[in-house]
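Enquirer: The structure under discussion is supplied below as structure tokens; questions concerning it will follow.
A short reminder: the numbers here are calculations on the coordinates, not readings from a lab. Predicted model only: the values in this text are computed from it and were never measured. Positions of Cβ are generated from backbone atoms using ideal geometry, with glycine treated the same way; all protein chains shown enter the neighbour counts.
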Amino acid sequence: MPPRSIAPPRLPGSTYLLTLAQAIHLTCAVISVTVAAVVGTALAPSQALGTIPYGIQFAAMMLCTYPASMLMRRWGRRRVFSLGALLLVASGVSGYLAAQHGSFGALTAAHALLGAFMACAGFYRFAAVDHVAAALKARAISLVVAGGVLAALAGPALASTLRSVAGFADFSLCYATLSVMGVATLGLMALWREPAPSPQSAAAAPASQAGSGWTLPVFTAIFCSAGAYLMMNLLMVQSSLVMKDICSFSASSRAIQAHVLAMFLPSFVTGPLIARIGLRATLVTGFVLLLCAAAAGTLVVAYEPIVGGLVLLGLGWNFVYVGGGALLARHVSDSSRHRWQGLNDTAIAACATLGAFLPAPLLSGVGWNVTNILLMPMCAAGIVLCWKALPRASNGMGAAVRA
């Protein structure tokens, strides 16, 4: 008699609330990217200090990420997520006052508070995999990351609409929007409940795979997520610097938006793809796409190759970032997950910070083409690591569950 088919497990409703929270988080990040340098340059004592607030934002995110993870272990995720939302409200108030009164110090404080909020919000994707069945972990992470699709559309629209409004200082309402987003996040956290452990989640990290120490899969997971963020941030920022000399601002904006959509749109299928072809194949595919993006960057410096490379960069980032998170969730024990998630996201924040500060020096020092060539060995190393860390017999979560 053939085995009776079993209905696949479903994601808990709390996952969809986290997707909305992630959309708010990334919308705030997009607004920040859009306005930070412009407002900073206008308010700074000298033009050279114009990007200091944005740099402080990344530094605050990096410094607060691990402590936030440890607080989640002690207080629970919901309380820390709510604390992060309060920081976002404060960030919006400080930024609004900075724009209204021309205060560079208040602007710097606003971006520091925003970075602290982002450190907390970065754990939404890991909250989605707490106490869920192994077969659902990749789907849960990819669905939460998919909140970036809304951010890619809403962020630029809000920044453009609120940039200049009669009766308010330029960009002040962009910052005020952050406070509104913080209140909305508090509302979502009031509705969200941390899922209770289920019998299925007991098998989410089998003793043979999960642990509390450094292993090759854990190192590979952190390398994938952090490396993908370094490459994505570096090339995205540097490409905008290159395009300002070869095309119009609107054309450059369309290219960046295509890149951001390529980063997040695949999230609707990345989870099912991991379940079908396995983590190893998904991660290797992601690194191959990143390698192709770097190869496109070695071609003639023109608009079309840059746009094509940015789309490939976004697609590759999604596969590697989501896959890296799923790999980490699979190979750490429940008791040590907060520590490893904190280390993972601290590494991501550090690489994102490097990706924000390195583009201009590299562009002036070695140029666009050579920057892309320098990133190719990292992609090759990622392919080798994924191949070694995930043998065919255990490369897919779906396979593990079916076994």
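Enquirer: With charges set only on the Cβ (+1 for Lys and Arg, -1 for Asp and Glu), what does the dipole of the stretch 254-403 come to about its Cα centre, in debye to the nearest 20? Write out the running numbers ahead of the final one.
Expert: Working: 9 positive and 3 negative charges, 102 e Å.
In total the dipole reaches around 500 debye.
Enquirer: With springs only between Cα atoms under 10 Å apart, run a GNM on the chain and tell me which of G187, G155, G323 wobbles the most.
Expert: Comparing G187, G155, G323 in the GNM, the peak value goes to G187.
Enquirer: Tell me, what is the FRET efficiency for M70 and V300 to the nearest 0.05, using R0 = 51 angstrom and their Cβ-Cβ distance as r?
Expert: On the way: r = 49 Å, r/R0 = 0.96.
For M70 and V300, the calculated efficiency is 0.55.
Enquirer: A further question follows. Could you compute Rg(Cα) / (2.2 N^0.38 Å) for the chain, with N its residue count? Write down the numbers at each step before the final one.
Expert: Numbers: Rg = 20.8 Å, N = 403, 2.2 N^0.38 = 21.5 Å.
So the Cα radius of gyration is 0.97 times the expected 2.2 N^0.38 Å.
Enquirer: In whole Å, what is the distance between the alpha-carbon centres of the stretch 133-158 and the stretch 109-131?
Expert: Here the two parts' Cα centres lie 14 Å apart.
Enquirer: Per the helix-only calculation at 222 nm, which mean residue ellipticity applies to the chain, given -39500 (n - 2.57) for every DSSP H run of n ≥ 4 and division by its residues, nearest 500 deg cm²/dmol? Kindly include the intermediate steps, with their values, before the conclusion.
Expert: Values: 17 runs with 307 residues, N = 403.
It lands at -26000 deg cm²/dmol.
Enquirer: Same structure again: Output the relative contact order of the stretch 282-328, whole-number percent, from Cα pairs under 8 angstrom with separation of 6+ residues.
Expert: Working: 46 pairs, mean separation 24.0, N = 47.
That works out to 51 percent.
Enquirer: Taking a temperature of 20 °C and a viscosity of 1.002 mPa s, what whole-number D in µm²/s does Stokes-Einstein yield for the stretch 234-314 with Rh from Kirkwood over alpha carbon pairs? Numbers along the way, then the final one.
Expert: On the way: Rh = 13.4 Å.
My calculation gives 160 µm²/s for D.
Enquirer: Moving on. If each residue of separation counts as 0.36 nm, what is the full-extension length gain between V183 and A360 once their alpha-carbon separation is subtracted? If you can, show how the numbers build up before the last one.
Expert: Values: separation 177, 0.36 × 177 = 63.72 nm, distance 3.59 nm.
Extending this stretch completely gives an extra 60.1 nm.
Enquirer: How big is the stretch 14-204 along each principal axis, measuring the range of its Cα positions in Å and listing the largest first?
Expert: That works out to 58, 30, 25 Å along the principal axes.
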